[in-house]
Amino acid sequence: MSKEEATSAFRVIYASFNLAIPPSLLHDPMTALLEIWDSLLIRRYIPQLSGVLIAHDEHMFLRSSAAIDGDGAFATVPAAIKALVWAPHVGQRLEGKLTLSTSSHVSLLVHGTFNASISSMHLPTSESLALAESNSTSFERPNRGAQVWSFVEGYGLDGVDEHARGDAEAEHDQQQQQEEEEEEEEEEGRKSTGYWAKEDGGRLGGENGRIVFTVIG
């Protein structure tokens with residue numbers, strides 16, 4: 001996680017490739033090109049593009065004729081496209097919406113589409129910082145100024161112990177809200193078991209549940 005602003009992982013790439021045109025589409029090679037990219041490659045990770053294909057445009061053939069080699073039924077022709085890909089890299093800062101909190105990890109949704117996960121080992125706790133200091137051979141304390149997090153089990157999703165409330169109306173409103181959120185989580189097959197909080201009580205993700213984090217792999 002980081003206090004710095006998130007950056008965009010979207011990239012525009014111009015790619016060339018050899019297109020295999022099936023016999024049924026020899027009369028319409030552009031349809032063959034569009035069908036392959038729309039039905040087989042869209043929203044998939046493509047190693048040649050080093051990212052997930054989001055959209056494509058500016059399709060063109062690099063040669064005016066196709067070739068059929070040997071006894072093959074497919075004609076091949078070099079082609080090119082302009083592709084929009086989502087390609088985050090190690091060290092890049094992204095922003096995600098918190099969707100799940102457990103003692104082992106938190107799950108995020110980036111751009112409402114891509115899943116990300118932050119392991120609890122990357123959320124510094126008082127125990128992990130103490131261990132790092134005891135193992136350090138430097139005179140300077142490691143992780144100086146690092147925020148210390150702890151996982152709070154069994155509390156309401158707004159970070160307040162519902163049994164500690166004396167206001168019956170507020171308790172009812174919170175319970176209703178929690179039931180609605182639990183129903184949404186159960187539909188997705190996921191359920192938070194608590195939340196991560198700082199020593200001062202601040203909750204991971206803040207009021208809007210958004211987290212800026214650093215890609216490490």
Can you tell me how many residues in the range 69-109 are more than 28 Å from Y14 (Cα to Cα), in a loop (DSSP other than H, G, I, E, B) and either outside the structural domain of L19 (by TED's automatic domain parsing) or of a type in the set (S, T, N, Q) (or both)? 3
Complete set of residues in the range 46-65 that are more than 13 Å from F17 (Cα to Cα), in contact (Cβ under 8 Å) with a residue 24 or more places away in the chain and either in contact with a helix residue (DSSP H, G or I) (Cβ under 6 Å, 6 or more places away or on another chain) or in a loop (DSSP other than H, G, I, E, B) (or both): S50, L53, H56
Candidates L98, L129, L94, L109 - the one that is of a type in the set (A, V, I, L, M), at pLDDT 80 or above and surrounded by fewer than 18 Cβ atoms within 10 Å (Cβ to Cβ): L109
Can you find even one residue in the range 12-30 that is in the same structural domain as K82 (by TED's automatic domain parsing), at pLDDT below 90 and of a type in the set (V, I, T)? no
Going by the structure shown, is A20 small (G, A, S), in a strand (DSSP E or B), in contact (Cβ under 8 Å) with a residue 12 or more places away in the chain and farther than 29 Å from N115 by Cα? yes
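The values are calculated or read from the model by the stated rules, or taken from the named source; none is laboratory data. Keep in mind that this is a model prediction, so the values were computed, not measured. Positions of Cβ are generated from backbone atoms using ideal geometry, with glycine treated the same way; all protein chains shown enter the neighbour counts.
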